1. Quick one: of 249/283; 58/276; 12/276; 12/283; 17/166, which pairs are farther than 26 Å apart, Cα to Cα?
2. From the Cα gyration tensor of the stretch 189-231, with a ≥ b ≥ c the square roots of its eigenvalues, which class applies: rounded if a/c is under 1.5, or else prolate if a/b is larger than b/c, or else oblate?
3. How much of the accessible area of the chain, in percent, comes from carbon and sulfur atoms when a 1.4 Å probe is used?
4. With label points built 7 Å along Cα→Cβ from the Cα atoms of residue 258 and residue 282, find their separation and express it in nm.
5. Please compute the net charge surrounding residue 344, taking Lys and Arg as +1 and Asp and Glu as -1 over other residues with Cβ under 11 Å from its Cβ.
6. Could you work out how much longer the chain between residue 59 and residue 485 gets when fully extended? Use 0.36 nm per residue separation minus the Cα distance between them, nm to one decimal.
7. Lone cysteines in the chain, going by a 4.7 Å Cβ-Cβ cut-off?
8. Between the DSSP loop rule and a limit of at most 13 other Cβ atoms within 10 Å, which chymotrypsin sites (Phe, Trp or Tyr not before Pro) in the stretch 269-333 are left?
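The values are calculated or read from the model by the stated rules, or taken from the named source; none is laboratory data. Predicted model, so just to flag it, every value in this text is computed and none were measured. As a convention, Cβ positions derive from the backbone with ideal geometry for all residues, glycine included, and neighbour counts pool all protein chains shown. To get the accessible areas, we keep the full protein, side chains included, count just its heavy atoms, and leave off ligands, DNA and RNA. Shrake-Rupley method; radii C 1.70, N 1.55, O 1.52, S 1.80 Å.
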Amino acid sequence: MRKIIINALDRKGTINKNIYGNFSEHLGRCIYNGLFVGEASPIPKVNGMRTDVVEALKNIHLPVLRWPGGCFADEYHWKDGVGPKESRKRMVNTHWGGVVEDNSFGTHEFMELCRQVGCEPYVNGNVGSGTVQELSEWVEYMTFDGVSPMAELREKNGQKEPWKLKYLGVGNESWGCGGNMRPEYYADLYRRYQTYCRNYGDNRLFKIACGPNAGDYAWTEKVMEIAGNYMDGLSLHYYTLPTGDWSDKGAATGFSKDEYYATLKAANCMEELVTKHSQIMDKYDPAHKVGLIVDEWGTWYNVEPGTNPGFLYQQNTMRDAMVAALTLNIFNRHCDRVVMANIAQLVNVLQAVILTEGDKMVLTPTYHVFDLYQHHQDATLLGSFVETQEVEGIADLTVSASENSEGAIHITAANLNAGADCPVEAELFGKEAANVTGRVLTGNMGDYNDFDHPNDVGITELTGISLENGKVRFTLPACSVVELTIQ
Ligand code: AHR
């Protein structure tokens, strides 16, 4: 029997709900078909937004959504996406599949989507191919309350009241698709662009600078040194590839046991990345004023056979659920620095929480992990210890625990071992446990849901839990994610 120890007296800080954020780019079928079907579609919708998808996102309390990219953000000119739809520019989405982008989903539609879901908008501005004036005017368009050219244009386009916008990204992957810049150059540009992004009325921007690609510590060092005093957040992008080879990343389904463990090992690198980037940030920002924003993370496989390679459409199995469980526990435990994370991406792209096909919708195993973990949002992280064993080069168990404002304790634990159940005894210090319930997501490592079998993988009640003298005993099935609620 393995030990988990939770210390309710060791209150480590607040788990920012935005760690459970997501990302939606004009890429493949994420926005169009996935989220937005337009007024003419027979698919049930409100103001063009798919009702099934909106309801599913409300169910997991999606807190924040990043848009419009990604690489698309640095080619996006926001004025193309406002005003009468018939006169909006049609353009080619050069980065993603070379398809026509008709700009029918723009700023107003994104804000409407966020309103329906009840999440905060996170808008990523164009630094790569856009001007300072363009970004400055976008902020004015969205947030200025009063008489100004952009506020008038907004009103003319049907929105009198300004929106509230907190999260503003200034460039995306400026070291790559966002302009191939050197950190010194980007840091200076960042300082310049952000200067003209004003706080209008009581709207307060939280400005996010483009941070490193994975283990590029030199980027973090330079950007923090030059621009650290001008930002509220620094982004980090890291994708999990089973093979580590961008030319052949491996398949999303039908993978071997070796690929399963290689994927989890690659995902576990997030621990080291967050730790080391945080150490550099500590040097320039010891007071932790700047948050680490992991605004792109998740698995990236070869696209599904027969689909457009530029659409990045992939299936999602229990392996992805384990990656999500492992990664979210890492973010929770680093909540002193990680204040937002956005898995890539929301619908039909990369490690999606939702897949759609016509009027059909499937919730992926990753979606169910976000469901199991949702009670951590804005709760207090508690100190935890877990006794692990190594399986194929990785610790088999991962855990985090929190206490919410009503005094309930939630433990999320995953057994990464695909071949063996793990009996566990969880001991709670500093708190009387009167009642315990549990939910579990489990299956074979390659199990997934598809449009013919939408419910093969799902959450069920965890049975066989016992509570005696403050000790909770239960079994984590092989390849499973569990949420325990202790009251
Ligand atoms: O999420 C897909 C792409 O990955 C994004 O557009 C880009 O920022 C990253 O390279």
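1. Values: 249/283 36 Å; 58/276 34 Å; 12/276 19 Å; 12/283 21 Å; 17/166 15 Å.
From 249/283; 58/276; 12/276; 12/283; 17/166, over 26 Å: 249/283; 58/276.
2. On the way: a/c = 3.18, a/b = 2.35, b/c = 1.36.
Cα axes put the stretch 189-231 in the prolate bin.
3. On the way: 8800 of 18500 Å².
About 48 percent, which is the carbon plus sulfur part of the accessible surface.
4. Calculated label separation equals 3.8 nm.
5. On the way: positive: 66; negative: 25, 295, 296.
Spelling it out: positives minus negatives among the neighbours equals -2.
6. Values: separation 426, 0.36 × 426 = 153.36 nm, distance 1.79 nm.
My answer for the length gained is 151.6 nm.
7. Flagged as lacking a Cys partner: 30, 114, 119, 197, 210, 269, 335, 422, 479.
8. Working: sites: 284, 297, 300, 301, 311, 313, 331; in loops: 300, 301, 313.
Passing both the DSSP loop test and the Cβ count: no residue.
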